[in-house]
Amino acid sequence: MRTIEVVTPRPEWPAMYRQEAARLHAAIADLLPTLHHIGSTSVPGLAAKPVIDILIEVDDVASLDAYDDAFEALGYRVRGEYGIPGRRLFQKGAVNPTHNVHAFARGHADAVRHLAFRDYLIAHPEVAREYGALKKRVAAACNNDIQRYCDGKDAFVKEHERRAVAWWEASER
């Protein structure tokens, strides 16, 4: 059974990202990927599920389909779009994932959303603290049900993603 646990920030998360990103980059180097550390583990001081989220941007996301064997050789399950058109999702770890890879075409709205939310939380530590407290409350009440956990954060995340994208666009990245 999957365990939903939100933990205090761990100093090893950035190094875990760098190590895995290097392995992933080497496996798909022909596609000239850009990799980013996203999700809560990428935000200093933010409580998080201990899962490293990685964003990969490539010119054509469908080109990643030819690399399914390479992802599997690195221990990932190939999940396809998994409910988000234009995405490829790869998960490492059978019951409790250790890494999630979200891949999109460069500039895809969902790639921008992930990057904007990360940078917004870093730039707005009060929002990050509020988000961390919410995640802890929801994790404690969800009875290890990932859908209940996601539903419990949904309104907060959508509102702050909307704000983050507007903030990102206003800053003329």
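The values are calculated or read from the model by the stated rules, or taken from the named source; none is laboratory data. Fair warning: this is a prediction, and the values are worked out from it, not measured in the lab. A quick note on method: Cβ atoms are made from the backbone with ideal geometry, for glycine too, and the neighbour counts reach across all protein chains shown.
So the values come out like this:
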item	result
Evaluation of P97 against (1) modelled with pLDDT of 95 or more; (2) crowded, with 16+ Cβ neighbours inside 10 Å (one fails), failing number	(1)
Set H114, H102: member being in a helix (DSSP H, G or I) and either surrounded by 18 or more Cβ atoms within 10 Å (Cβ to Cβ) or aromatic (F, W, Y) (or both)	H114
For A133: the one exception among (1) buried (at least 16 other Cβ atoms within 10 Å of the Cβ); (2) assigned to a helix (DSSP H, G or I)	(1)
Top-ranked residue of the stretch 64-91 - restricted to ones that are aliphatic (A, V, I, L, M) and assigned to a strand (DSSP E or B), ranked as nearest to R18 (Cα to Cα)	L89
Where A94 falls short, out of the listed (1) touching a helix residue (DSSP H, G or I) at 6+ places or on another chain (Cβ under 6 Å); (2) in a loop (DSSP other than H, G, I, E, B)	(1)
Tally of residues being over 30 Å from A133 (Cα atoms) and either among the small types (G, A, S) or part of a helix (DSSP H, G or I) (or both) across the stretch 10-62	11
Count of residues meeting criterion [within 15 Å of A48 (Cβ to Cβ), surrounded by fewer than 18 Cβ atoms within 10 Å (Cβ to Cβ) and in contact (Cβ under 8 Å) with a residue 60 or more places away in the chain] in the stretch 143-170	1
Tabulated pairs, the stretch 69-88, first surrounded by fewer than 16 Cβ atoms within 10 Å (Cβ to Cβ), second of a type in the set (V, I, T) and not in a loop (DSSP other than H, G, I, E, B), C-beta under 7 angstrom, 6+ apart or interchain	E72/V78; G86/V61
Matching entry among E81, E5 (being of a type in the set (D, E, K, R) and within 28 Å of A123 (Cα to Cα))	E5
